[in-house]
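J.: What follows is a structure written as structure tokens; I'll ask about it next.
The values are calculated or read from the model by the stated rules, or taken from the named source; none is laboratory data. Remember, it's a predicted structure, so these values are computed and weren't measured experimentally. Cβ sites come from the backbone with ideal geometry, for glycine too, and all protein chains shown count toward neighbours. Surface areas here come from the heavy atoms of the whole protein model, side chains and all, with no ligands, DNA or RNA. Shrake-Rupley method; radii C 1.70, N 1.55, O 1.52, S 1.80 Å.
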Amino acid sequence: MAKGKNPKKERKPPSPGRPWKAWEGRLSEKSDPDVEQFTSSFSFDRRLFPYDIMGSIAHAEALSCSGLLTGEEAKAIVCGLKEIAAEGAEGSASDEDVHMYVERRLIEKIGEVGGKLHTGRSRNDQVALDLRLYLKEESKNLIGAIYNLQERLIDAAEAHLGTYLPGYTHLQRAQPISLAHYLLAYYEMIERDRTRLLDGLKRLDQMPLGAGALAGNPFSIDRLAVARTLGFSSVTANSLDAVSDRDFVVEFLSAASILMMHLSRWAEDWILWSSCEFGFIELPDKLCTGSSMMPQKKNPDLLELIRGKTGRVYGALFTLLTVLKGLPLTYNRDLQEDKPPLFDTVETLKNSLRIMTLLVSQVRFNEKRMADATEEGSLLATDLADYLVTKGLPFREAHRVVGKMVRAALASARPFPRWTLAQLKEHSPLFQEDVFRQMSTAASIAKRRGIGGTAISSIQLEIQKIKRLLKKSK
Ligand code: ARG
């Protein structure tokens, strides 16, 4: 337990010999140790410590402005709080939570005047404030982490405009695409995640202090001034809602779940790609693990863990939705259970984004394997059908003709880019010499130059747009 810098000056807790409880006036018996252990959230809500101090300083200043504390009292409280902040949160399980810890330490440090800090405030509005301050800061950190990952994705995309690989549907080779186009698909997904977090910041930006336990503040505290001091642009409008609302946590956890779902799909792609069967990527040894038994193994555990941790984040979302679903207004202690899933999710997201950033900047793409896979199979079948369409055949008929050609190609093990014009004409008289210009991966890709297509020219335009956007949001 922290002793403080100047223990001699410190007062004893109000009731020596037993852990101090704010409600000892009402409850005559010392809490059962099991009760303390079961109810205490200090082991995890100590993470809110810096925000609790910040909110307490703002509250002390507001009390002083409304004449509820003298200038001297406010100064003593603020100094005490700053000293406690410098010492760090080192309480024990007998501190019910971080709020009681700070108040206990304050009274020990500066004496009874410390007991004036909680005037007009409840832990119910206090914890709502702390949680919003915490989540505002962590959302910004995560937005920055997504941004870093996006920058690495753009670097990789620019380096691989002309790297071709099969695009898949049903995990079957479908049509040739540029690797840059593939990478930018993940850019788009996490861009939506980034803007979802940004949007959540709007609803986080309401300051709940002043709601009291539930009914509001009886003293003339200037809530707007407190909001300004703490960096909020508005205050919550209804005290009942303010102390019982955890929508902002649900919203964050759902944005987090969608983000993890995207990272998990990406991880799944790359787990497949790193297999011998695909061989599209090679991960550096320092980002892989081996087997304790099979000497030959090099495993993509980081990607598997991202995929696995996604379940954990979905679990957090469901934990909170379930905690909230039956709660009568207003504050109920159930709400204390919001913190472990929230804190865990923030850490999981930070780690997963960091790992994905490392992977994307260090992965080696096996261009040869990708090119070979693009040439095998019948990836140009749709282009051939499209060719016949340009010669006047209805698409449905063109599809049937090329379908038969694919069957013939498979039977003869001779892919149709290698067919002669005579062989092509056996299937349709519409085939002319110009078909050969179109029967290549590069031609197939170059044709798809509409907005959002895989043509290099479209991708380049897209990258320019993205770079402007990223620069603006930096
Ligand atoms: N530790 C509690 C929480 O995290 C805050 C305390 C409110 N407790 C109470 N009895 N009103 O929600």
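J.: Working carefully through the options Leu153, Leu133, find the one that is within 16 Å of the ligand (Cβ to nearest atom) and either within 21 Å of the chain's Cα centre (by Cα) or open to solvent by 20 Å² or more (accessible area, probe 1.4 Å) (or both). First the steps, then the outcome.
T.: Values: Leu153 fails: within 16 Å of the ligand (Cβ to nearest atom).
It is Leu133.
J.: Considering only the range 100-112, state which residues are open to solvent by 10 Å² or more (accessible area, probe 1.4 Å) and either within 13 Å of the ligand (Cβ to nearest atom) or on the phi > 0 side of the Ramachandran plot (or both). First the steps, then the outcome.
T.: The first filter runs over the range 100-112 and keeps only residues open to solvent by 10 Å² or more (accessible area, probe 1.4 Å), leaving 100, 103-104, 107-110, 112.
Answer for the range 100-112, where residues must be open to solvent by 10 Å² or more (accessible area, probe 1.4 Å) and either within 13 Å of the ligand (Cβ to nearest atom) or on the phi > 0 side of the Ramachandran plot (or both): Met100, Glu103.
J.: Which of the following residues is out of contact with any helix residue (DSSP H, G or I) (no Cβ under 6 Å at 6 or more places or on another chain) and either closer than 30 Å to Arg194 by Cβ or of a type in the set (Val, Ile, Thr) (or both): Arg407, Arg448, Arg400, Arg418? Lay out the reasoning, then the answer.
T.: On the way: Arg407 fails: either closer than 30 Å to Arg194 by Cβ or of a type in the set (Val, Ile, Thr) (or both); Arg400 fails: either closer than 30 Å to Arg194 by Cβ or of a type in the set (Val, Ile, Thr) (or both); Arg418 fails: either closer than 30 Å to Arg194 by Cβ or of a type in the set (Val, Ile, Thr) (or both).
When all the criteria are applied, what remains is Arg448.
J.: Moving to a separate point now. How about the range 338-358: which of its residues are open to solvent by 10 Å² or more (accessible area, probe 1.4 Å) and either more than 16 Å from the ligand (Cβ to nearest atom) or touching a Cys at 6+ places or on another chain (Cβ under 6 Å) (or both)?
T.: The answer is Glu347, Lys350, Asn351, Arg354, Ile355, Thr357, Leu358.
J.: Here is a further query. List the number of the failed condition for Leu335; all other conditions in (1) under 24 Å from Leu259 (Cβ atoms); (2) open to solvent by less than 20 Å² (accessible area, probe 1.4 Å); (3) within 16 Å of the ligand (Cβ to nearest atom) hold.
T.: (1)
J.: Further, regarding this structure: For the range 169-196, which positions are part of a strand (DSSP E or B) and not β-branched (Val, Ile, Thr)?
T.: Taking the range 169-196 and keeping what is part of a strand (DSSP E or B), we get 169, 172-178.
Scanning the range 169-196 gives Gln172, Arg173, Ala174, Gln175, Pro176, Ser178.
J.: With the requirement that a residue be small (Gly, Ala, Ser) and either within 18 Å of Ala446 (Cβ to Cβ) or open to solvent by 80 Å² or more (accessible area, probe 1.4 Å) (or both), what does the range 368-412 give you?
T.: So in the range 368-412, the residues small (Gly, Ala, Ser) come out as 371, 373, 377-378, 381, 385, 392, 398, 403, 408-409, 411-412.
Correct list: Ala371, Ala381, Ala385, Ala411.
J.: Now a separate question. Find all pairs meeting these conditions: Cβ atoms under 9 angstrom apart; at least six residues apart or on different chains; first residue within the range 207-229 and in contact (Cβ under 8 Å) with a residue 60 or more places away in the chain; second residue within 16 Å of the ligand (Cβ to nearest atom) and aromatic (Phe, Trp, Tyr).
T.: Ala213/Tyr331; Leu214/Tyr331
J.: Any idea how many residues of the range 323-332 are within 16 Å of the ligand (Cβ to nearest atom) and either touching a strand residue (DSSP E or B) at 6+ places or on another chain (Cβ under 6 Å) or part of a helix (DSSP H, G or I) (or both)?
T.: Within the range 323-332, the subset within 16 Å of the ligand (Cβ to nearest atom) is 323-324, 327-332.
Next, only the ones that are either touching a strand residue (DSSP E or B) at 6+ places or on another chain (Cβ under 6 Å) or part of a helix (DSSP H, G or I) (or both) stay: 323-324.
The total comes to 2.
J.: Can you find, within the range 424-474, the residue that is surrounded by the fewest Cβ atoms within 10 Å (Cβ to Cβ) among those that are of a type in the set (Lys, Arg) and closer than 23 Å to Ala381 by Cα? Break it down stepwise before answering.
T.: Going through the range 424-474, the residues of a type in the set (Lys, Arg) turn out to be 425, 437, 447-449, 465, 467-468, 471-472, 474.
Then drop every residue that is not closer than 23 Å to Ala381 by Cα, which leaves 425, 437, 447-449.
Details: Lys425: 14, Arg437: 9, Lys447: 14, Arg448: 19, Arg449: 14.
The qualifying residue surrounded by the fewest Cβ atoms within 10 Å (Cβ to Cβ) is Arg437.
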